[in-house]
Amino acid sequence: MSGIRPTGFLHLGNYFGALRNYVKMQEEYPCFFMVADLHSLTTHPDTKELKLNVQRVLSENIACGLDPDKVALYCQSHVRETSELYLYLNMMAYKGELEKTTTFKDKVRQHPDNVNAGLLTYPVLQAADIILHRASLVPVGKDQEQHLEMARNFANRFNHRYGDVFPEPQAFNYGSELVKVPSLDGTGKMSKSENQYATIYLSDTDEMIRKKVMKAKTDAGPTEPGTPMPDYIENIFMLMKLVSEADVISKFQEDYDQCRIRYGDLKKQLAEDMVRFITPVREKADAIRNDEKYLKDVMELGAEKAGKSARATMELVRQAIGLNYF
Ligand code: ADP
């Protein structure tokens with residue numbers, strides 16, 4: 001089970017941190033993937049673009065290879081049971097632990113005028129999303145590690161207080177470690193809403209991709225063998241590992257070791273490999289995005305599958321709590 005907020009166009013971080021795993025998991029597990037529209041309300045009070053954004057995220061999920069017939073691909077707000085479970089979990093979530101959450105502290109710094117209770121309890125809603133389907137594997141990027149630990153705590157707390165209902169959810173990635181795709185300017189991660197010029201979106205045109213990559217920070221290059229790689233150059237190599245062939249990467253690594261690397265060539269190569277990767281996804285997403293009827297069918301089917309799973313869990317939850325009076 002996992003989700004992505006409809007707060008803008010998806011980017012390489014969303015793909016390599018999350019979506020790539022979704023696509024593989026759909027062949028091996030029963031899966032629930034959602035557009036986290038309720039979560040987006042914590043920071044995006046203007047909802048005029050919500051529908052468009054939801055359609056966009058759905059199209060990009062499908063363009064990346066998710067098959068709505070194989071998984072439950074749904075919209076968070078279509079499964080009302082989420083909100084009920086969120087309420088029960090809120091009774092077991094403590095103000096102190098919520099205030100310590102890194103993402104909460106970041107948001108308070110960024111938007112001091114909008115520190116709402118939904119923002120504080122964001123990890124509780126996320127825990128509800130996950131355990132609503134009694135999911136145990138949650139494919140996410142590294143930035144979600146702390147939230148997953150909290151989801152585990154809430155699930156365990158519920159089990160201790162009311163009896164075993166939930167398995168322990170774990171953050172999941174097919175590689176050994178969770179992924180963090182760095183931004184092109186070397187400060188932080190690629191993100192939907194921040195760092196827009198240092199983030200490569202799955203919707204970027206070929207020209208835009210080239211422009212952004214060529215602007216990535218470099219320097220004059222190493223002059224002595226054995227010079228440690230600066231962070232911003234390491235980031236370029238890290239991005240290359242996502243989209244380029246292994247022999248191309250080794251050639252540039254060797255050039256670096258021999259102090260003959262030309263960063264212009266490195267970035268040109270990276271740009272072309274990104275273009276090759278993104279073009280088919282962008283074209284497919286563009287074709288799907290305007291097909292209202294198809295997207296409505298996808299959402300309806302997803303809501304039906306997710307609703308069935310949610311209702312079964314909520315029966316157990318109400319019984320465990322003692323909310324069954326007749
Ligand atoms: P964003 O931070 O861009 O708004 P979301 O919060 O909606 O994205 O996260 C959707 C998924 O994408 C999560 O699993 C998150 O861990 C993953 N993700 C987002 N940015 C990155 C990144 N730069 N690197 C790796 N994974 C990421």
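The values are calculated or read from the model by the stated rules, or taken from the named source; none is laboratory data. As the structure is a computational prediction, the values presented were derived from the model and not from experiment. Neighbour counts run over all protein chains shown; Cβ positions are idealised from the backbone, glycine included. Ligands, DNA and RNA are stripped out before the accessible areas are found, and what is left, the full protein with its side chains, is counted by its heavy atoms. Shrake-Rupley method; radii C 1.70, N 1.55, O 1.52, S 1.80 Å.
Worth a mention:
- Where residue 238 falls short, out of the listed (1) under 20 Å from residue 15 (Cα atoms); (2) in contact with a Leu (Cβ under 7 Å, 6 or more places away or on another chain): (2)
- The residues listed here are 184, 148, 202; of these, the one that is at pLDDT below 95 and open to solvent by less than 20 Å² (accessible area, probe 1.4 Å) is 184.
- Among the residues examined, residue 153 qualifies as more than 16 Å from the ligand (Cβ to nearest atom) and over 30 Å from residue 211 (Cα atoms).
- Just one of the listed residues (232, 162) is of a type in the set (Phe, Trp, Tyr), more than 14 Å from the ligand (Cβ to nearest atom) and not assigned by TED's automatic domain parsing to the domain that holds residue 122, namely 232.
- Extreme residue, farthest from the chain's Cα centre (by Cα), among residues of the stretch 134-192 that are of a type in the set (S, T, N, Q) and closer than 18 Å to residue 93 by Cβ: 159
- Condition met for residue 247 (within 15 Å of the ligand (Cβ to nearest atom) and not assigned by TED's automatic domain parsing to the domain that holds residue 53): no
- Here the condition is being within 21 Å of residue 190 (Cβ to Cβ) and not charged (D, E, K, R); of 30, 6, it holds for 6 alone.
- Residue match in the stretch 166-175 (condition: open to solvent by 30 Å² or more (accessible area, probe 1.4 Å), in contact with a Ser or Thr (Cβ under 6 Å, 6 or more places away or on another chain) and within 16 Å of the ligand (Cβ to nearest atom)): no
- Meets criteria (over 22 Å from residue 142 (Cβ atoms), among the small types (Gly, Ala, Ser) and not assigned by TED's automatic domain parsing to the domain that holds residue 136) for residue 203: yes
- Selected residue (criterion: farthest from the ligand (Cβ to nearest atom)) from residues of the stretch 17-61 that are outside any loop (DSSP other than H, G, I, E, B), of a type in the set (A, V, I, L, M) and more than 14 Å from the chain's Cα centre (by Cα): 52
- Residue count, the stretch 82-122 (criterion: open to solvent by 70 Å² or more (accessible area, probe 1.4 Å) and small (Gly, Ala, Ser)): 1
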